[in-house]
Amino acid sequence: MKCLYLILVFISCTLSAQHLLPFDSLQLREARDLFADDYGNIYLYRNKDFSLTKYDSIGRQQGKIMLPLPFRIQSVQNPLSIPAFSENAQELRFYDQNLNEIQTVNFRQKFGYIRMVYAEDLQQLWLMDESTKRLIQYNFREDRIINSYPFDIDFEKITDLLVFGNRVYILSKDHFRVYSFKSEQIFEAPFEKGKRLRRENDNMLIVSEHSVSAFVNGGFKEKISVPNAQIVDKNSATYFVIKGNKLYLYGLEKGVK
């Protein structure tokens, strides 16, 4: 099924730089965020009612959850285990491919105030504990702290966190920064309207409201830019763009600039 989807994507993108997907405009207008997995499924998050809805590639609903509080969906790159963090509830929830909750990790009993969480894999989390100014590597399967690093930075403005290769990547509303585990700043640059970080193999991507950029050799390389877009996201094969309450698909080699 996945191979068939990728073949169809390749054909559609070869014929046209953009391909309009059949989604209801009301669904798209109310979406606060969009995620796309590698099977062609689309996930729309609505801040209005804190709901996450999963659709197939032709707009048919596959599942839906109504969350009691705002949750930040980290990624759907592994659709079998989708992590969602609530700063208000101080917990991380994992959902399966049908959006059924499969596990909850509560931080209130063991930690102070967790500002941000990065789920590295199905065992380990990276936590930014604002109350103690620490970056914590935590094995939630074994309920065990692996490492704890003093991290004296401004936690309040953090939009997203990603840890990879002994580096800590932090996105704020107007900056992108890279730190060592000793909280030494290695890189800093302005970055407007950044929403989340994403890693693809050794590549670090920054997703904003209207663009996807790669962090390469100490600078940014824009992969796609749609100035009037509402939301931009990608999976391993294509870019997805909501513009004018319509959902468009672009091939990776035909990004808009």
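The values are calculated or read from the model by the stated rules, or taken from the named source; none is laboratory data. Please read all numbers here as calculations on a predicted model, not as lab measurements. Neighbour counts are summed over all protein chains in view; Cβ atoms, including those assigned to glycine, are modelled from backbone coordinates with ideal geometry.
Some points to look at:
- Asp152 being on the phi < 0 side of the Ramachandran plot and surrounded by fewer than 17 Cβ atoms within 10 Å (Cβ to Cβ): yes
- Of all the residues in segment 155-174, those that are surrounded by fewer than 17 Cβ atoms within 10 Å (Cβ to Cβ) and touching a residue at least 40 places away in the same chain (Cβ under 8 Å) number 2.
- Residue satisfying all of: in segment 234-252; under 20 Å from Gln74 (Cβ atoms) and hydroxyl-bearing (Ser, Thr, Tyr); modelled with the highest pLDDT among these: Tyr239
- Filtering segment 92-108 to residues that are within 13 Å of Tyr138 (Cβ to Cβ) and either out of contact with any strand residue (DSSP E or B) (no Cβ under 6 Å at 6 or more places or on another chain) or buried (at least 17 other Cβ atoms within 10 Å of the Cβ) (or both) leaves Leu92, Val105, Phe107.
- Flag if Leu52 is assigned to a strand (DSSP E or B) and surrounded by fewer than 14 Cβ atoms within 10 Å (Cβ to Cβ): no
- Conditions (1) in contact with a strand residue (DSSP E or B) (Cβ under 6 Å, 6 or more places away or on another chain); (2) at pLDDT below 95; (3) surrounded by fewer than 17 Cβ atoms within 10 Å (Cβ to Cβ); (4) of a type outside the set (D, E, K, R); number of the one not met by Phe23: (3)
- From Phe187, Phe181, residue being touching a residue at least 40 places away in the same chain (Cβ under 8 Å) and farther than 24 Å from Tyr45 by Cα: Phe181
- For segment 135-155, a residue qualifies if it is in a strand (DSSP E or B) and charged (D, E, K, R), and exactly one does: Arg144.
- For segment 201-212, the set of residues classified as of a type outside the set (Asp, Glu) and either under 15 Å from Ser172 (Cα atoms) or within 14 Å of the chain's Cα centre (by Cα) (or both) consists of Met204, Leu205, Ile206, Val207, Ser208, Ser211, Val212, listed by residue number.
- Filter pass, Phe111 being within 20 Å of Leu44 (Cα to Cα) and not small (Gly, Ala, Ser): no
- Condition met for Ser172 (of a type outside the set (A, V, I, L, M), in contact with a Ser or Thr (Cβ under 9 Å, 6 or more places away or on another chain) and modelled with pLDDT of 95 or more): no
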